[in-house]
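S.K.: Right, I'll just put the structure down here and ask away after.
Bear in mind these aren't lab numbers, they're just calculated from the coordinates by the rules spelled out. Predicted model only: the values in this text are computed from it and were never measured. Here the Cβ is made from the backbone with ideal geometry for all residues, glycine too, and neighbour counts use every protein chain on show.
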Amino acid sequence: MNLENLLYSMAGFSVNMGKDAQHKDQINSISGQAQFVLTKASVEALSNTTNNNETEQSNLPKILFFEELNLSNIAPKLAENPTGEIQADLSVLIDSLNIKQLLFSQTSSSDLPPVATINNINISDINGSAVALSLNEINIDSINSDVILNKDKVLANLVNLTPEETVSSNEAETEIDTSTTSSEQSLAETNNEQAPTTEEPVQSDSADTAFSISLNAINIINSNQINFTDNSVNPTYKRSFMIDELSVGQLCNSKENANNKTPITLKGRSNRYANFAFDGFIQPFADKKTYHIKGDLKELSLPDVSTYMKDALKLVLKSGQLNTKLDVTLVDNEID
């Protein structure tokens, strides 16, 4: 991991200790603010060689890179404790988490674009503790993504996290281990037949102690585009999707809010004429998990998708457009 600069600052921090001799070593309250800033941080893939050439090292594939990460107004809170008892309800309030110029998966090849770049991500009003996490809004500004499949239907611009030398070494070790697997397995089966079996009681976590997560909204804003290229078909298939609006409403996994419907809206365009608009809701934490979507897909060019249909239909579509309406509800993995 590379990092150009790290800044951490604190202001107005105070710790209130116990007032009497019995509780003088106990913390009653904490107050103050801090800021945390990282600039030009990158996570790079391992090199296949041990060459320490600076130029070669600088061209290592980037798994993740961002220009700046800023946590502003970090404020730990421990409520006043008049009884002097030890408290465990420490919480941390953060005004905002802001990430600028985020890049995901940039291979060393200059011919391939990164899988995704994002101009800015902002998460506001973060409140976290040992039992809960709440966020106000997540705003994602200007996503540009390139999904490129090679002839083997593998994502060509995804960074390989396993060096080739490691893969070869693992394959060799697997071949060696295979020769002893059958005898070890026979011995294990014999031991299992002789050993008495005992069932241990399964302990489940109580719903009352489950970690709670709540979020008011997720919004994709400004200019967003996904470019898809499939080199595994002939001719090569290319399509672009422009996301004009994508929003997700309030979401919470707490027991009292589990059945609330979280609204979703998706609107956009594809290539020259195609456009789509969908609305719906999700209930991912309800007893019966429900997902509903309703909307229209208009003016999808049939010749553009003929590449995928010609083998099944045994014909090539030379002209035409597809207009369709969608109204689907999925309840516990079954279409209602």
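S.K.: By how many nm would the segment from I335 to T265 lengthen if fully extended, with 0.36 nm per residue of separation less the alpha-carbon distance?
M.R.: Difference between extended and current length: 23.2 nm.
S.K.: So, in nm, how far is label A130 from label K294 when the simple model puts each one 7 Å beyond its Cα toward the Cβ?
M.R.: That separation, rounded to one decimal, is 4.6 nm.
S.K.: So, one more: Can you grab the distance from the C-alpha centre of segment 227-298 to the C-alpha centre of segment 103-150, Å, no decimals?
M.R.: If we compute the Cα centre of each part, the gap is 17 Å.
S.K.: Compute the FRET efficiency between Q35 and D244 as 1/(1 + (r/R0)^6), taking r as their Cβ-Cβ distance and R0 = 30 Å, and round to the nearest 0.05. Could you put the intermediate results ahead of the total?
M.R.: Details: r = 35 Å, r/R0 = 1.17.
Using R0 = 30 Å, I get an efficiency of 0.30.
S.K.: Residues in segment 315-331 near a label at N234, defined as backbone nitrogen under 19 Å from the 7 Å Cα→Cβ point?
M.R.: Counting only backbone N, you get 315-317.
S.K.: Here's another thing I want to ask about it. Treat each spin label as a single point 7 Å out from the Cα along the C-beta direction, and report the K151 to F278 distance in nm.
M.R.: Each label point is offset 7 Å from its Cα along the Cβ direction, giving 3.4 nm.
S.K.: Something else about it: Would you work out if segment 208-273 is rounded, prolate or oblate? Take a ≥ b ≥ c from the square roots of the eigenvalues of the alpha-carbon gyration tensor; rounded if a/c is under 1.5, else prolate when a/b is larger than b/c, oblate otherwise. Present the calculation step by step, with values, prior to reporting the outcome.
M.R.: Details: a/c = 3.92, a/b = 2.37, b/c = 1.66.
Taking the square roots of the gyration eigenvalues as a ≥ b ≥ c, segment 208-273 is prolate.
S.K.: Let me ask you something else. For K318 paired with D89, estimate the spin-label separation in nm (one decimal), with each label point 7 Å from Cα along the Cα-to-Cβ line.
M.R.: The modelled label-to-label distance comes out at 7.5 nm.
S.K.: Give, in nm to one decimal, the length gained when the segment between S96 and L46 is fully stretched (0.36 nm per residue of separation minus the Cα-Cα distance). Working shown, then result.
M.R.: Numbers: separation 50, 0.36 × 50 = 18.00 nm, distance 3.25 nm.
Contour length minus the Cα-Cα distance gives 14.7 nm.
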